[in-house]
Amino acid sequence: MDTILVVNAGSSSVKFQIFAVDANARLDRVLKGQVDGIGSRPRLRATRASGETLADRAYPVEAIMDVPAALAVASSWLREELRITPLAVGHRVVHGGPDYAKPVAVDHGVVTRLERFEPLAPLHQRHNLAPIKSLLANYPALPQVACFDTAFHRRHDAVADSYAIPYRLYEEGVRRYGFHGLSYEYIARALPTLAPDVAGGRVIVAHLGSGASMCALRAGRSIESTMGFTALDGLAMGTRPGQLDPGVVLYLIMAKGMSPDEVQTFLYRDCGLKGLSGASNDMRELLVSHDPHAAFSVEYFVYRIGLFAGFLAAALEGLDAFVFTAGIGENSDAIRTRIGDRLKWLGVSLDETENARNALKISRPDSGIPVYVIPTDEERMIAEHTVSLLWTARSHANSERAS
Ligand code: ADP
């Protein structure tokens, strides 16, 4: 069986998936796994695509102290116990900076360029690159592909890609990138099959997970995002504040005496739903809580989504469909109902029976705008990009040999 390994590495966990690939580049998910608790209580867990448990085992802390060690444990488990040796590895890399508008085959030069963007995604980039570097060092012949959360947004018009700051900063990379691009790309590719009537039109996609953003699609292309230079902007998220007057950051530094590192931790870890509720960043807990702060955090989350729907509808100069995706968007009918109420002025009217069963189309037949729930699949998108670059490289190699 030919397989592709997809890796999504964070600070304390490495998530991975294996896809079987056939001669026609068709992909079939085989398993999902993760090594979490890196440096604290490491654990390898994996399930077949069907959900059946394949592994659930703890490791001593000194066995898995960092991301490369976690990947090494997952790789040897795959190789030795499942006899899986992937043809290629696709990695999720949060920031492709201004350079990359599509996935890229990785070599040492690419890694060096991507390291420049570490300050732009301080909680992610370094960890995303760690497994790439260790595989390059240990398996230099193994093809690796970096797939970026920013790439899908790289063709935004200059007005959407810029801040009103001196142009020299734009040139050095201070731009409104946008994130969750692999998720939006997956949805854009799914729309012609799932919602052919609107796929060529103006669509807002709301990716509502622990990180949350919204994207404006015109004919399947991203033209605007609620996120910008970093993944802090836009909607309120689990632990990030979303849109914030930069004056607040100045206040934290100058009046409160916080260091840049403290401000960074505060903005990425202590704000959003967690900061507002003072209790939790988990939407499930907030929805059942009787605490008024929890209720307010949910109200704020929904209110901002309504506001940004207006922003994106203005960018699109109208709206033909609205799509929910990711953990909250796919699973919470309660949140979708509340957002639906905020979108009434755009003509949205939800069918509560369809909404309650997470149906594909959750709007009423007479709704001015159809509303969909489409589960996203960023890992499949990464696997597709990886196979496509691998096949291209092979056909180049074959044609060079033939000539
Ligand atoms: P990420 O991949 O960014 O970690 P997910 O897309 O998995 O995030 O989304 C995680 C979020 O989805 C959490 O806030 C979680 O509470 C929320 N979530 C998952 N299922 C439900 C549900 N049934 N109702 C409300 N929120 C949910």
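Every number here is computed from the coordinates shown, using simple stated rules; none is lab data. Worth saying up front: this structure is predicted, and the values here are computed from it rather than measured. Neighbour counts are summed over all protein chains in view; Cβ atoms, including those assigned to glycine, are modelled from backbone coordinates with ideal geometry.
With the cut-off at 1.5 for a/c, could you classify the range 3-148 from its C-alpha gyration tensor as rounded, prolate or oblate?
oblate
Quick one: which of 331-344, 76-89 comes out on top by average Cβ neighbours within 10 Å, and what's the full order, highest first?
331-344, 76-89
What GluC sites (Glu not before Pro) does the range 317-403 have in DSSP loop regions with at most 11 other beta carbons within 10 Å?
Within the range 317-403, the qualifying GluC sites (Glu not before Pro) (loop, at most 11 other Cβ atoms within 10 Å) are GLU317.
Assign one of three labels to the range 295-403, namely rounded, prolate or oblate, based on the Cα gyration tensor with a ≥ b ≥ c the square roots of its eigenvalues; rounded applies when a/c is under 1.5, prolate when it is not and a/b is larger than b/c, and oblate otherwise.
Note, shape of the range 295-403 comes out prolate.
In what order do THR239, THR265, THR325 fall by count of nearby beta-carbon atoms within 10 Å, going from fewest to most?
THR265, THR239, THR325
Please compute the contact order of the chain in relative form: average sequence separation of alpha-carbon pairs under 8 Å and at least six residues apart, divided by the residue count, as a percent.
Relative contact order of the chain: 13 percent.
Can you work out the FRET efficiency for the pair GLU80 and ARG401, with r the C-beta to C-beta distance and R0 = 35 Å, to the nearest 0.05?
Step by step, r from the Cβ atoms, then E = 0.55.
Just GLY368, GLY90, GLY234 to compare: in a GNM of the chain, with alpha carbon springs under 10 Å, which one fluctuates most?
GLY368
Can you count the Lys pairs in the chain with C-alpha separation below 28 Å, eight or more apart or on different chains?
Pairs that pass both the separation and distance tests number 10.
Quick one: of the DSSP bridges fully inside the range 3-148, what percent are antiparallel, nearest 5?
Among the beta bridges of the range 3-148, antiparallel pairing accounts for roughly 75 percent.
Defining a contact as two alpha carbons under 8 Å apart and six or more residues distant in sequence, what relative contact order in percent does the range 195-378 show?
So the answer I get is 21 percent.
Translational diffusion coefficient of the chain at 10 °C, 1.306 mPa s, Stokes-Einstein with Kirkwood Rh over Cα pairs, in µm²/s as a whole number.
71
Which of these, GLN125, GLN17, GLN264, has the largest mean-square fluctuation under a Gaussian network model of the chain (Cα springs below 10 Å)?
So, out of GLN125, GLN17, GLN264, the one fluctuating most is GLN264.
Considering the convex hull of the alpha carbon atoms of the range 195-378, report its projected area averaged over all viewing directions, in nm², one decimal.
The orientation-averaged projected area of the Cα hull of the range 195-378 comes to 11.0 nm².
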